[in-house]
Each structure stands twice: as structure tokens, then as C-alpha cells.
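Okay, so here's the structure we're looking at.
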Amino acid sequence: MSTTYQQPTERGYYGQFGGAFIPEMLYPNVEELRQQYLDILADPAFQQEYQQLLRDYVGRPTPLFEAKRLSAKYNTHVYLKREDLCHTGAHKVNNTVGQILLAKRLGKTRIIAETGAGQHGVATATVCALMGMQCIVYMGEIDMERQKPNVYRMRLLGAEVRAALSGSRTLKDATNEAIRDWISNPVDTHYIIGSVVGPHPYPDLVARLQAVISEEMRKQLLEKTGSELPSYVVACVGGGSNAAGAFYHFLEEPAVKLVAVEAAGHGVNSGHSAATSVLGKPGIIHGSRTLLMQDEDGQITEPYSLSAGLDYPGIGPLHAFLADSGRARFISIEDEDALRAVAELSRLEGIIPALETAHALAALGQLGAGPDDVVVVNLSGRGDKDLETYLKYADTIL
Amino acid sequence: MQNRIQQAFQKKGKGLLNVYFTAGYPSLHDTVPLIKSLTQAGADLIEIGMPFSDPLADGPVIQASSTAALQNGMNMRVLFQQLEGIRQEVPEAPILLMGYLNPVMQFGVENFCREAAAAGVDGVILPDLPLDDYVAEYQDMFRRYNLRPVFLITPQTAPERIRRIDELTDSFLYLVSGPGTTGGANTQAEGVQEAYFQRIEAMNLRNPRLIGFGIGDKASFQRACQYAEGAIIGSALIRALEGTDDAPAAAARFVSSVLK
Ligand SMILES: Cc1ncc(COP(=O)(O)O)c(C=O)c1O
């Protein structure tokens with residue numbers, strides 16, 4: 001079977017990227033998931049429960065908002081897909097609602113997750129509270145400090161937050177700890193991965209659960225612009241789940257330019273960056289063959305971004321394939337420019353974006369979009385969690 | 001073609017001790033002195049960890065030793081240089097390399113096999129190398145260099161998969177003692193572990209079995225030896241090397257404490 005952008009091969013490959021490079025201890029769990037996820041997702045009873053929760057609990061469909069003042073500034077038509085208005089404040093909950101229903105059908109009673117910015121942790125803690133399931137979230141010690149409000153939210157929701165103390169004490173290390181937990185608890189536990197990363201079938205599973213973003217976009221664009229297809233879709237990429245969801249129903253539409261925005265940190269060549277598509281080479285991280293920041297010995301390099309959600313040395317295999325094949329354009333944005341974009345959206349549209357999302361907004365000036373173009377930016381999350389950071393960098397922002 | 005792993009099992013039959021340590025730990029040049037002292041003290045097989053920045057299947061002790069080894073400057077090139085000539089000094093004991101796939105891929109799998117074979121390595125353990133990928137891409141290469149893959153089996157591994165693994169190698173089967181990473185506590189209800197070991201024993205597999213993960217002293221070693229041809233000790237040995245300035249002596253004392 002050949003790959004399309006949407007559909008990996010049976011063994012989870014998008015081109016040369018993907019697969020399931022996992023130790024034997026994880027094989028039964030991952031294999032069980034692989035054999036069942038498509039059937040469960042296709043089950044009408046699952047779909048009914050999932051769609052109902054998306055509507056009544058998450059608050060979908062999220063609006064597609066025409067940002068007129070932003071459009072005037074960039075001399076094009078900018079629409080914002082308001083994932084920041086999802087319950088819990090980011091797109092992450094689309095995935096966790098789906099995976100908690102999946103976990104129930106697999107008979108699991110204990111949920112683990114990793115989190116960077118804390119949004120996926122909050123979204124997981126939320127659905128666990130909803131379903132009365134035990135929830136343990138691994139979070140890098142550095143991220144617990146810089147995303148404190150989300151740590152409190154998770155605890156309030158009844159989750160246990162465990163600090164990851166190894167490596168750079170950020171998202172990569174939290175993911176390592178979550179995987180080790182799963183190795184130690186193979187029978188009762190489901191691991192809700194928060195992005196389109198990890199061993200097959202996770203990248204495809206998470207992409208399918210986030211695909212609702214672009215499914216709604218097409219309908220909303222038709223209504224607002226007379227065409228289902230925009231000129232550009234722009235999204236930030238940490239692991240790549242909001243981007244995968246925003247791109248999904250446009251992947252096989254060559255007329256739509258897809259733009260993935262990575263975090264350049266202090267600068268792509270500064271040694272303090274998370275711009276994986278530029279700095280990465282094919283390698284294996286968290287069970288997937290993908291583009292990976294690593295040294296010449298194959299040791300994974302510690303990434304850096306001011307934004308906890310983009311501070312990851314890999315990208316999902318779908319995105320590695322999109323980068324490699326040229327289907328998507330990758331742009332990297334430095335910390336400071338992201339901070340300026342926070343101020344810009346706040347002042348022009350009255351919307352305070354998450355720091356991750358601000359990277360996508362900061363790319364607007366680099367697209368080359370003209371007055372006849374329609375640009376959709378996936379507004380993946382809101383900025384409440386980042387207020388402390390925004391205060392600290394007030395000189396840059398204001 | 002036979003290799004040293006099979007010969008070791010044929011010669012001793014049961015009660016084999018396989019010891020794991022991380023190359024380049026506690027200091028960069030301890031690798032070869034450790035191999036010598038461990039075998040002199042009575043260890044039957046030597047498993048050398050190739051340190052990786054993100055060892056997913058390892059617990060805190062091996063993680064810490066890997067980080068330290070990388071900081072000491074260990075890498076694949078250095079390790080193969082250190083192993084040059086090891087077979088003059090340690091002719092018989094099987095040597096296995098254990099590690100993660102990414103550093104091996106970046107080194108080049110064929111380069112890795114060639115260098116390993118040249119150094120006199122007998123077996124390779126790469127826990128995150130999928131069976132299908134091994135068969136499709138590397139099996140012929142491993143055969144050409146007379147390197148034996150060692151695969152893990154856990155309490156959750158299905159019987160038909162165990163049979164397949166047993167067909168794919170002529171070395172030994174690495175029985176992970178229970179759920180957990182290396183050094184793990186393995187808290188399991190009474191009888192569960194025994195039932196698992198006995199179930200595997202009753203399958204009458206081609207390969208001998210070594211039990212690993214959470215084996216750390218004489219008592220747990222002897223208990224494991226009741227259910228398999230031997231056992232693997234890693235984290236406990238590394239703990240015995242922590243903070244010592246004479247690693248070979250500490251390693252020898254540790255092996256003696258397990259075997260005496
Ligand atoms: C608001 C927001 N956007 C984006 C991301 C990055 O994740 P992904 O690339 O999977 O969308 C995060 C991750 O925490 C986030 O919280």
C-alpha cells in the first residue's frame with residue numbers, strides 16, 4: 001500500500017517516517033491499540049458519544065473568525081480558527097475526549113499522559129475527571145515552573161502531577177517518564193499521548209481525532225468566503241497535533257499552501273532552538289522514525305524554546321514527511337518575534353494567544369499572501385497559562 | 001556456525017551469570033578492566049551497555065550511569081577502540097552489546113556489525129529494534145558477521161510471538177522478570193512470577209533462558225536459576241560501582257557476593 005499524506009501504511013509509515021520502534025514490554029499494548037483503533041473510531045456508538053461530547057462538553061464547532069484589523073495590517077484576509085475557545089483553552093481536548101472513550105472500550109482504568117505547556121495535561125485530567133478515571137501526568141520540572149497555573153489546574157481536577165527530573169526536564173523527558181510508567185503498568189493503563197508523535201498508531205490516531213478542526217474549517221470557509229479551500233493554512237508545530245488537525249482535510253488539496261511554524265528559540269543556529277525541520281536528521285525518538293535533533297553519535301540534543309509546548313527535539317512523522325516532500329513549508333520563529341505577535345493579536349483583535357500559537361501568528365508577515373488570498377491561522381490556544389511569562393517579558397511585548 | 005554464547009551454555013548448562021555494565025562508567029577507561037575483573041570473578045557472560053541519552057527501557061540507575069558515561073566521552077568509536085584486542089585477554093566469555101537503535105543507526109548498522117565482529121563481540125541486544133525490521137533489514141547482515149540477536153520476552157508476550165522469537169536466534173532468550181524498567185521492583189502477587197517462568201519453561205524452547213530485571217543479589221540470582229539457565233544483573237552491579245575509585249575491584253567483590 002502506498003502512503004498518502006492522510007493515511008500511513010499499515011505499519012505506520014509516511015514515506016520513510018513513522019513505524020513503531022518500541023521495546024517488547026510495550027509491544028502488546030501498542031499492538032492491541034493498532035489492531036483496534038480504526039474499528040473503534042468507526043463504530044457508530046463511539047462516534048455518537050464522541051460527537052456529542054465535542055459539541056456539549058468541548059463547545060464545538062469552534063468559530064472561524066475573520067480578523068479584520070489583522071487582515072488590514074498584513075493586507076490579506078486572515079481568519080482565526082478559534083481552538084482557544086475549546087473547553088480547557090486549547091485544541092488538546094479534541095484528542096483527549098476521543099482517547100478516553102477509546103481507553104474505556106479497551107477496558108483500561110488508569111490513564112497516564114505527558115505534558116509540556118500543561119494544556120494536554122489539563123485536557124487529560126479534565127476527561128479523567130469526567131469519566132472517573134485515575135490520572136497521572138508527567139511534566140518536566142522546568143515546565144512545571146513556567147506553566148504553574150496549569151499544574152494547579154491539573155491538581156484541582158484530581159490528577160497527580162509527577163515531575164520529570166532527567167535531561168532538560170522538559171517535554172521530551174516527561175514523555176520518557178510516561179513511557180517508562182507504561183512499561184511498568186502494562187495491563188490496566190492507557191497512555192494518552194498528546195501529539196502526533198510516538199509509535200504507530202498514535203500519530204494517525206491523534207491526527208484523526210484532531211481532524212475535526214479542518215473538517216469544520218472547510219464548511220465555515222464555504223459559508224464565509226464561498227470556497228472550501230483557503231490559500232494558506234498556518235499552524236505552530238511542537239509535536240504537530242494542532243497542525244495535523246488543521247492540515248488534515250487539505251492535505252490532498254495541492255492548491256492549499258500548508259505552513260508549519262516551529263520555534264527557533266534564540267535563533268536557529270544559536271544552539272538554543274527547537275527548529276527540528278532545519279536542525280534535525282532522520283532518527284528515532286519515542287518509538288517513531290522521524291526528523292530528530294541529535295548529535296553525530298545519535299544522542300538526542302536538548303532543545304530550547306521559551307514556549308514549553310514547542311520545546312521538543314522531534315516532530316511527528318507526518319510532519320517529517322510533509323517537510324521532506326515539500327508539501328508543507330516550514331518557517332521558524334524566534335522567542336522575541338513570538339512575544340511581539342502576542343501583543344499584536346491582543347491589541348488588534350482582543351485575543352490573548354498562547355505562546356505556542358503566537359509562533360504561527362508571527363509567521364503572517366513571511367507568507368507572501370496578497371489581498372486576494374485567504375489565510376487561516378489555527379489559533380491553537382489561549383494565553384492565560386503564559387501570563388507570568390508575558391509579564392516577565394513586558395519590555396519586549398509592550 | 002557456533003559462537004561463544006552457545007558454547008558458554010553448553011559448557012556450563014545452568015547457573016550462568018550475565019552481568020551488565022555501562023561502557024565508560026564510572027570512568028571512561030574502566031570498560032576493559034571491568035570485563036577482565038568480572039570474568040575473573042566468575043561472571044559467565046558480559047553485556048556492555050552502549051550509553052544513550054534517552055534510554056526508555058531503563059530505570060534510574062542505568063539512566064544515571066548512561067548520562068555519566070556520555071559526559072565521560074563514551075561513544076561507539078571510543079568503545080570499539082577500547083575493545084580492540086579484548087579477545088587476547090578474555091578469549092572465552094561471550095560479550096554482548098546492549099543499546100538503543102538510534103546511535104547504532106547513526107553509526108551505520110553495517111559498520112556497527114563489522115566493528116563488533118572484529119572486536120570479538122558475540123551478541124547484540126537492541127530492545128527498540130522491531131522484530132519485523134530485524135528480519136527484513138538486518139538478519140542477513142547479523143548472520144554474515146556471526147552476531148546473534150537477543151530478544152526480550154515479557155509476561156505479556158503471546159505464545160506464538162515467543163515461538164517466533166525463539167526461531168529467530170541461536171543465543172538465549174531474555175526473560176524480563178515482570179512489568180518494569182531495568183532495576184524495577186517487580187511487585188507482583190505471589191505465584192504470578194513463578195507461573196510465568198514455568199509457563200515459558202513448559203514451552204520447551206530451542207534457546208536457553210536468562211532472567212533479568214530486578215535481580216540484584218545472591219538470593220534473587222539463585223531463585224531465578226531455579227526457573228532458567230541463569231540470570232542477568234545490571235543495576236545492582238552499577239550501584240556497586242557508584243562512587244568507587246577502583247571499579248574493577250568493586251565489580252569483583254560484587255560478583256563474588258552473588259556467586260559465593
Ligand atoms: C496552545 C498550544 N498550541 C500548540 C501546542 C503544541 O502542540 P502540537 O504541536 O501538538 O499542536 C501546545 C502544546 O502544548 C499548546 O498548548
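Bear in mind these aren't lab numbers, they're just calculated from the coordinates by the rules spelled out. What you are looking at is a predicted structure, and each value in this text was computed from that prediction instead of being measured. Positions of Cβ are generated from backbone atoms using ideal geometry, with glycine treated the same way; all protein chains shown enter the neighbour counts.
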Q. Counting Lys +1, Arg +1, Asp -1, Glu -1, what net charge surrounds A:ASP324 among other residues with beta carbon under 13 Å of its beta carbon?
A. +4
**Q.** CD proxy at 222 nm, helix term only [per DSSP H run n ≥ 4: -39500 (n - 2.57); per residue of the protein assembly as shown; nearest 500]
**A.** -12000 deg cm²/dmol
**Q.** Relative contact order (percent, whole number), chain B, Cα cutoff 8 Å, 6+ residue spacing
**A.** 25 percent
Q) What do you get for Rg/Rh of segment B:39-135 when both radii come from the Cα atoms and Rh is the Kirkwood radius? A) 0.95
Q) If only Cα atoms are counted, what is the Rg of segment A:56-166, and what is its Dmax, in Å? A) 16.5, 53
Q) Between A:LEU292, A:GLY116, A:THR88, whose Cα lies farthest towards the positive end of the dipole of the protein assembly as shown when Lys and Arg beta carbons carry +1 and Asp and Glu beta carbons carry -1, centred on the Cα centre? A) A:THR88
Q: Please work through the protein assembly as shown and write down the cysteines that have no neighbouring cysteine Cβ at a distance under 4.7 Å.
A: A:CYS86, A:CYS236, B:CYS113, B:CYS225
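Can you pull the mean other chain C-beta count within 10 Å for peptide B:174-184?
The per-residue average across the peptide is 3.
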Q. Where q = 0.12, 0.14, 0.21 Å⁻¹, what log10 of I(q)/I(0) comes from the Debye formula for segment A:258-398, counting one point per Cα?
A. -0.49, -0.66, -1.27
Q. For segment B:1-89, which trypsin sites (Lys or Arg not before Pro) are in a loop by DSSP, counting at most 13 other Cβ atoms within 10 Å?
A. B:LYS14
**Q.** Net length gained if the chain between B:HIS29 and B:GLU194 were fully extended (0.36 nm per residue, minus Cα distance)
**A.** 55.4 nm
Q: Would you mind telling me which residue in B:VAL61, B:VAL150, B:VAL19 has the biggest mean-square fluctuation in a Gaussian network model of chain B, where springs connect alpha carbons within a distance under 10 angstrom?
A: B:VAL61
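Using the Kirkwood formula on the Cα atoms of segment B:14-259, what hydrodynamic radius do you get, in angstrom to one decimal?
18.0 Å
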Q) What's the average, rounded to a whole number, of partner chain beta-carbon atoms within 10 Å of each residue's beta-carbon in B:102-111? A) 4
Q.
Please compute, for peptide A:276-289, the average count of beta-carbon atoms on other protein chains lying within 10 Å of each residue's beta-carbon.
A. 2
Q: Using only Cα atoms, figure out Rg for segment B:189-260 and give it as a multiple of 2.2 N^0.38 Å.
A: 1.29
Q) If one computes P(r) from the Cα atoms of segment A:115-262, what percent of pairs lie at distances over 18 Å? A) 62 percent
Q. If you build the Cα gyration tensor of the protein assembly as shown and take the root of 5 times each eigenvalue, what three semi-axes come out, in whole angstrom, biggest first?
A. 47, 25, 22
Q: Work through the residues other than A:GLY383 whose Cβ is under 10 Å from its Cβ and net out their charges, Lys, Arg +1 and Asp, Glu -1.
A: -2
Q | Sites A:LEU229 and B:ASP170, calculated FRET efficiency, Cβ-Cβ separation with R0 60 Å, nearest 0.05 | A | 0.55
Q: Between B:GLY13, B:GLY59, B:GLY214, find the one with the highest GNM mean-square fluctuation for chain B; connect C-alpha pairs within less than 10 Å.
A: B:GLY13
